[in-house]
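Here you go, one structure.
Read-outs: derived from the displayed coordinates by stated rules, not from any lab. Keep in mind that this is a model prediction, so the values were computed, not measured. Glycine also receives a Cβ, built like all others from the backbone with ideal geometry; neighbour counts cover every protein chain displayed.
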Amino acid sequence: MAASVRRITSSLAKYAMRQGRFTTSQATGIFSARNSSSTSEPDLHPTIRPVSAVERTTVSEYGQYVAECLPKYVQQVQVTAGNELEILIAPEGVIPVLTFLRDHINAQYTNIADLCGVDVPSREYRFEVVYNLLSVRYNTRIRVKTYTDELTPLDSACEVFKGADWYEREVWDMFGVFFSNHPDLRRILTDYGFEGHPFRKDFPLTGYVECRYDDEEKRVVMEPVELAQEFRKFDLSAPWEQFPQFRGAIDADSAAAAAAAPPQQEKK
Amino acid sequence: MQASLKLPSAREVWFSRHEAKKQKKVESELAYFCELQLHVIDRRRQIAEARYLSESSEQVFGVTDKFKTSRMASAIKKTTGLTGLAVSRNPHQILNILHAKILRCLQKMPQDAAYRKYTEQIILERDSAVKSEPTVPGLETKLGGGQAEELIQQAERELMLARKMLDWKPWEPLIAEAPNKQWTWPL
């Protein structure tokens, strides 16, 4: 059965977590608070998706399996709060890891569901490239993440998944991440001759240019953008507390942030 | 001045019209004949394609059944139900060959490589199932990994992967540690 193949991964339970590289990141206090109270009382939140501990252990064991098969490239494995598996890899390992996930009998993630980028400007390698894969045979999904900066190229996934073609064009157009060995890397969503990469965090919402039809020149002209109203920033804090269930958590978070900041200032 | 206009005689007119008609008839016949030839070529191509698709699994691996014995009609299924995946006439033979190739390829990897260990485990399990189950439906239900043709596909892919793994050597230690705070979230 497919189950018998997956049962192989349960034998991994005897393999200890390797060098602390494997973390299960619980998202926020929401889920841990609910888990502790749901065992004794009847379920008061039927519309919230139930947490499955069995699924979580299966998913995390499979993540360990992948990390063990590819120790050269897998930097970290994590399971999100919704039991979604994420493999964080080094950029040199894009092709090997994706080929393994597509071809290995115990993986068979033959479908690339999504390929997107994330911009986190505060990091040294600001762009994250995220591959979402689907296995039709085992009905599971997996996420593979790499990183790069503005200038370092990534290997194109087109030789592994033909469907990655336009997705990579979009990432190039919107973020400026270059993919080597891509069959046809050019802009896909922006206008011809558009300058800039719109999804970067430092690109403004309005953009830099606007276009209008000029009657004298009898054509559409591009001009620097002028807004009728100046930019307004709203302060959304209210005098009443917003999250009465998480008073302790929010105070603890802010206290931790305050405690972390002064020691750094003292060091400086 | 004499008029240099020479009118054709009735006989000449009739003759030229007759020639034109003959030419047109010949041309139309030629066109029909060419059309027929193209149709015949198309039909032959279709038949050859169908034959190739049904024999593709044999041709790809160079395994030819020289002794084409009469097979029981009920033993071979008519279709896989999947577009582009032709029914294979000897899946056991092909699977045996593929599994042997994969195991030979895995022998070249270091003994402690996790990929080698788990893949050997999977392939040996499949190999024992193929050797123990002589019928195709029995094999499919025993392994539970899809139809026999899909099992062949999976074995092909695993073989390609194993060969690439020999070049990539993923069992080596981590090639590049993540930069500081690369994966921290929230920031």
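Any chance you could give the angle, 0 to 90 degrees and rounded to 10, that helix B:91-107 forms with the longest Cα principal axis of chain B?
The answer is roughly 50 degrees.
While we're looking at this one, here's another question. In a Gaussian network model over chain B where Cα atoms closer than 10 Å are linked, find which of B:76, B:102, B:47 has the largest mean-square fluctuation.
The residue with the greatest mean-square fluctuation here is B:47.
Then there's this: Can you give the local net charge around residue B:12? Use residues other than it whose beta-carbon is closer than 12 angstrom to its beta-carbon, Lys and Arg +1, Asp and Glu -1. Could the numbers behind the result be given before it?
Numbers: positive: B:6, B:11, B:17; negative: B:19.
After counting each charged neighbour, the total is +2.
Here's another thing I want to ask about it. Can you pull the mean other chain C-beta count within 10 Å for peptide A:118-130? It would help to have the intermediate numbers written out before the result.
On the way: counts 0, 0, 5, 0, 2, 7, 4, 3, 0, 0, 3, 0, 0.
Whole-number average of other-chain Cβ neighbours for A:118-130 is 2.
Given R₀ = 60 Å, what would the calculated FRET efficiency be for residue B:124 paired with residue A:233, taking r from the Cβ atoms and rounding to 0.05? Don't skip to the end; give the middle numbers.
Numbers: r = 65 Å, r/R0 = 1.08.
The pair residue B:124/residue A:233 has a calculated efficiency of 0.40.
Residues of segment A:223-239 with the amide nitrogen closer than 14 Å to a label point 7 Å from the Cα of residue A:210, along Cα-to-Cβ, please.
In segment A:223-239, the label zone of residue A:210 (backbone N under 14 Å from the point 7 Å along Cα→Cβ) covers A:223-231.
Report, in cubic angstrom per residue, the convex hull volume of the C-alpha atoms of chain B.
On the way: hull volume 76.3 nm³, N = 187.
So the per-residue Cα hull volume is 408 Å³.
Here is a follow-up. Give a residue-ordered list of calculated ³J(HN,Hα) values for segment A:45-61 (Karplus: 6.51 cos²θ - 1.76 cosθ + 1.60, θ = phi - 60°; whole Hz; x for Gly, Pro).
For segment A:45-61, the Karplus curve yields 10, x, 7, 8, 4, x, 8, 10, 6, 5, 4, 5, 5, 4, 5, 5, 5 Hz.
At a threshold of 8 angstrom on Cα-Cα distance, excluding pairs fewer than six apart, so keeping six or more, what relative contact order does segment A:109-165 reach in percent?
For segment A:109-165, the relative contact order is 32 percent.
Moving on. Please go through the residue pairs A:72/B:117; B:101/B:169; A:162/B:108; A:201/A:233 and name each one whose alpha carbons sit more than 22 Å apart in this structure. Intermediate results must be reported in sequence, preceding the final value.
On the way: A:72/B:117 16 Å; B:101/B:169 18 Å; A:162/B:108 30 Å; A:201/A:233 17 Å.
As for pairs spanning more than 22 Å Cα to Cα, those are A:162/B:108.
Which of the GluC sites (Glu not before Pro) across segment B:113-185 are loop residues per DSSP, with 13 or fewer other Cβ within 10 Å? The partial results should precede the final answer.
On the way: sites: B:120, B:125, B:140, B:149, B:150, B:156, B:158, B:177; in loops: B:177.
Filter output for segment B:113-185: B:177.
What ranking of A:219, B:157, B:116 emerges when the number of other C-beta atoms within 10 Å of each C-beta is taken as an exposure proxy, fewest first?
Details: A:219 9, B:157 17, B:116 21.
With the sparsest Cβ surroundings first, the list reads A:219, B:157, B:116.
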